[in-house]
Amino acid sequence: MIISVNWLKKFTDITMPIDELATLIGARLVEIESVTDLSEKYKDVLVVKVVECAPLEGSDHLNLTKIDDGGVAKDVERDEKGLVEVVCGAPNVHAGMLAAWLPPSSTVPETYDDKEPFVLTAKSLRGVVSNGMLASAKELSLFDDHTGIVEIDGEVKPGTKFVDVYELDDHLLDIENKSLTHRPDTFGIIGFAREVAAISGHDFVTPEWLAHEQPTYGEKNGAVSAPTVTIDDPKLSSRYVSVVLSGVDQSRNTPFEVQTYLSRVGVRPVSAVVDVTNYLMMLTAQPLHAFDYDKVVALSGGKADIHVRAGKKNEKLELLDGRTIELVPEDIVIAAGDVAIGLAGAMGGANTVIDENTKNIIIESATFNLYNLRATQMRHGIFSEAITRFTKGQPAALTAPVLADAVQLLEDWTGAKRVSDVTDVLGESIESPAIEVTADMVNTLLGTNLTLEDIKKTLLSVEFAVAGISKETISVAAPYWRADIHIPEDIIEEVGRIRGYDLIPLTVPTRDFTAVSPSAFDQLRAKIRSALVRAGSNEILSYSFVHGDILLKAGQKPEDSYRVSNSISPDLQYYRQSLTPSLLQLVHPNIKNGFESFALFELNKTHPKQRGITDESVPDEANGLALVVATKKKQAGAAYYEAKKILDFVAELIGLNFTYEELEQEVPYPTATPFEYRRSAMVVDKLSGERIGMIGEYKKSVSKAFKLPEYAGGFELDVDATMRAVEQSKGRYEPLSRYPSTERDICFQVKADVSYSNIVTAVETALETTNLQFVISPVDIYQPENESSKNITVRIRLTPSDHTLSAEEIAETIKRISESVITATHATVI
């Protein structure tokens, strides 16, 4: 957002140097990204009078002019009358006009910021010397109009600096407006000037025409029926005010000074009607829109019947920019009868556009539901100045006074007359009650020593209404443009900000800042994180919001996610149901960037709809852990076992023992949706029986959607369930053995339906009664094609605690293991 300092000066005194002003605004209001000095760009431009103008001999479009610059320009060739010759090709050049002249050696403002600015010289054209140029608005870097040269309005003495005539000795502040999202009033020059006055220590009085919520609209000059307005759903609009004007003279232009102010804050002058709406929007932050009255009447059956309603499914609307969009019920629509004529707060429709034939117009001043508009903005990709302000929550009280001023300006600038009564319809309103604060409340929170009178004076500087209740308490009512004030802390923050946080005395805190031990849950998360990093995994942190396409790629349904009505980006529309999709979308980009083998994990929160909402009416949170392993090169074995190896390592370090239950069908829960159940398992804590999560490989549809390599797998765990399992686990301590371990590989031939976990369970059963420490790990699983049996090879590591195992003891233990597996699975040892 661009703020003109000279425009601010029309409403408040600014005497401090620009660098001090920028620093003050940055400290107490909003960050300033850059400051631009306009005066340098226009320092050489002079206002001149065209005294003579005649066709240039030998040319069909050029004119030879003689201009009077009051003798100001130096080192320029003049005739005996002191006039300067300039060749000009503009069709509107004529004798007697005042124009903007760029003399030789001056820089064309349009090129001022280029690497190589264009510097003018005296140049011979068809036998005459042209000294510099008469400039168009485009060449003056004001706005994109190159159809003719600028014609100066009013009476100006030739030789006057152009910069002085139009107050271009200006500084432009480029504002980082994201931090002003809660302050719609500061998106207008008057609101910003009010803040600058307050932080500068000056009193501010809102212009009288803007202060009245029920203004007068001047004399009515006609008998046209006022538009009938119906707000079909009061939640869509809190106020809609409109009026009909007739006799618009499209040939008249906005005063050139107004055009320069619009252009310097980034708004292109278009026509007098459009310029009025834009001028007042930049001045007050209240957008306006103008419809062609006669077109509205034709579309609504012979009368101006306006409805503010929700969009209809499959309804289409052609916008002013030429696009045709399909509306949805979440859009707010302005309709003439049943016909949509505008996307409320965003852009008007082409069917009621004001053109060169327009004589009668309807001016609309309204407010709309900011949450609907934020979704509309993202859905249709409209980021206009108007919708930027509407999505901050414009107050309903602002609509009427701005419309009244628009009527006056249109009368002054276009000759239009008000020919109807004003239609003023209210929707859902929001009350702002008075708030009581005490000096003690303010000083306790800010660390200051202010009196009640200090506080009162500070609040009055920004036009809050303050009334004394007692010696200790005041009642504060925010002005209508401050919809962000709700609680005493808002008032206290206002006092601290305006007076300057940097001026609050520094004191040492008196509170006890003894460090607090991390909770058991936080300690568990830290252990898990440490274990995964030790296992070679890389932690990532992603948004809790995802695009609907990510959900669909993972096989999840968007309707099972909470949708964000005011998402900060089209890519962040939904609360995620699980962590795995966020990891999967990162696999292909990492492989593409040259990482051939890796493991990624995330410890974060999810918000599945199945968990419902909390007592505070917000989505309930789940603590999750997800990991994905992926390798670009073809690998022997399955990714499932790589993920399982990492998970078993984590389980051992947090004192748990996981078992893996085979799945016979899909598990109807978001964390399980991406996994292929035939190649996955349920993770269960052996001691407590807690179901911890899912581990496995991904569905082919998911792998294809995310462009995963063939070797990819992972797991997703419920960290809350893991915590419950840890709380139920029995602490145990086994000292490191001083005796050597021994390893044996055993291959079992089993039926095809016997799983690896069946073998592990049988081995554990055989070893439970021994005093041996043991580790069981897979070596391979081999199943020939079209065979009803398969070979499963396991590696068993045995560690004694009190002596070295003899060959006989080892053989006996292996025999016991084999018998247990044979009994449980009818296996054959091979």
Problem - region 559-688, relative contact order in percent, only Cα pairs under 8 angstrom and at least six apart counted - result: 21 percent
Problem - Relative contact order computed over the chain (Cα-Cα under 8 Å; 6+ residues apart), in percent - result: 9 percent
Practice task
Give me the distance in nm between label points sitting 7 Å out from Cα along the Cα-to-Cβ direction at V618 and L426, one decimal.
Solution key: 3.3 nm
Practice task
For region 125-189, give the percent of accessible area contributed by carbon and sulfur heavy atoms, probe 1.4 Å, rounded to a whole number.
Solution key: 49 percent
Problem - Among 626-632, 765-771, 225-231, the order from most to least packed when residues are scored by Cβ within 10 Å on average - result: 626-632, 225-231, 765-771
Fill in the blank from the handout: The answer for the net charge of residues other than Q665 whose Cβ lies under 15 angstrom from its Cβ, with Lys and Arg +1 and Asp and Glu -1, is -2
Fill in the blank from the handout: Judged on accessible area alone, 1.4 Å probe, highest first, R738, R534 line up as R738, R534
Practice task
Determine ³J(HN,Hα), in whole Hz, for all residues of region 790-806 in sequence, where each value follows from phi through the Karplus function 6.51 cos²θ - 1.76 cosθ + 1.60 and θ = phi - 60°; x replaces Gly and Pro.
Solution key: 8, 10, 10, 10, 10, 10, 10, 9, 10, 10, x, 10, 10, 6, 7, 5, 8
Practice task
Just read off the accessible area of C53 with the full protein assembly in place, 1.4 Å probe, to the nearest 10 Å².
Solution key: 50 Å²
Handout entry: ³J(HN,Hα) computed for each position of region 113-128 - Karplus, 6.51 cos²θ - 1.76 cosθ + 1.60, integer Hz, glycine/proline x
Key = 8, 6, 4, 10, x, 8, 9, 6, 9, 6, 10, 7, 10, 6, x, 10
Handout entry: Among (i) 49, 31, 26; (ii) 78, 59, 19; (iii) 72, 33, 30, the entry derived from the coordinates for semi-axes √(5λ) of the Cα gyration tensor in Å
Key = (iii)
Handout entry: region 534-612 - percent relative contact order, Cα under 8 Å, separation 6 or more
Key = 41 percent
Exercise for the section: Taking only protein heavy atoms into account and a 1.4 Å probe, give the accessible area per residue of region 698-757 in Å². Expected result: 61 Å²
Exercise for the section: Excluding G218 itself, calculate the net charge of residues whose Cβ lies under 14 Å from the Cβ of G218, where each Lys or Arg counts +1 and each Asp or Glu counts -1. Expected result: -2
Exercise for the section: Report the residues of region 585-606 in range of a label on K633: point 7 Å along Cα→C-beta, backbone N strictly under 14 Å from it. Expected result: 595-598
Handout entry: Gyration tensor verdict on region 362-444 (Cα atoms; rounded if a/c is under 1.5, prolate if a/b is larger than b/c, oblate otherwise)
Key = oblate
Exercise for the section: Could you provide, to the nearest whole Å², the per residue accessible area of region 517-618 with probe 1.4 Å? Expected result: 53 Å²
Exercise for the section: Please work out the C-alpha center-to-center distance from region 149-171 to region 173-219 and express it in whole Å. Expected result: 28 Å
Completion exercise
Taking protein heavy atoms only, a 1.4 Å probe, and rounding to whole percent, the accessible area of region 590-683 owed to carbon and sulfur comes out at 46 percent
Problem - Distance (nanometres) between label positions extended 7 Å along Cα→Cβ at Q665 and D454 - result: 7.2 nm
Problem - Pairwise label distance in nanometres, S124 with R678, each label 7 Å out on the Cα-Cβ vector - result: 9.0 nm
Fill in the blank from the handout: Taking R0 as 41 Å and r as the Cβ-Cβ distance between A54 and E219, the FRET efficiency 1/(1 + (r/R0)^6), rounded to the nearest 0.05, comes to 0.30
Completion exercise
To the nearest Å², the heavy-atom accessible area per residue of region 1-151 with 1.4 Å probe amounts to 50 Å²
Problem - Centroid-to-centroid separation of region 264-306 and region 714-790 [C-alpha atoms, Å] - result: 75 Å
Handout entry: Length released on extending from K313 to S737, taking residue separation times 0.36 nm less the Cα-Cα span
Key = 145.4 nm
Practice task
Before rounding to the nearest 500, sum -39500 (n - 2.57) across all DSSP H runs of length at least 4 in the chain and divide by the residue total; then give [θ] at 222 nm in deg cm²/dmol.
Solution key: -8000 deg cm²/dmol
Fill in the blank from the handout: A correct Karplus calculation of ³J(HN,Hα) over region 470-487, with 6.51 cos²θ - 1.76 cosθ + 1.60, θ = phi - 60°, whole Hz and x for Gly and Pro, returns 8, 5, 9, 10, 10, 9, 10, 10, 6, x, 4, 7, 10, 6, 8, 9, 10, 9
Exercise for the section: Report the calculated FRET efficiency for R323 and K235 (r = Cβ-Cβ distance, R0 = 22 Å), to the nearest 0.05. Expected result: 0.20
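The values are calculated or read from the model by the stated rules, or taken from the named source; none is laboratory data. Bear in mind that the values here come from a model prediction, so they are computed numbers and not experimental data. Virtual Cβ from ideal backbone geometry, glycine too; neighbours counted across all protein chains shown. Areas reflect the complete protein model, heavy atoms only, side chains present, ligands, DNA and RNA absent. Shrake-Rupley method; radii C 1.70, N 1.55, O 1.52, S 1.80 Å.
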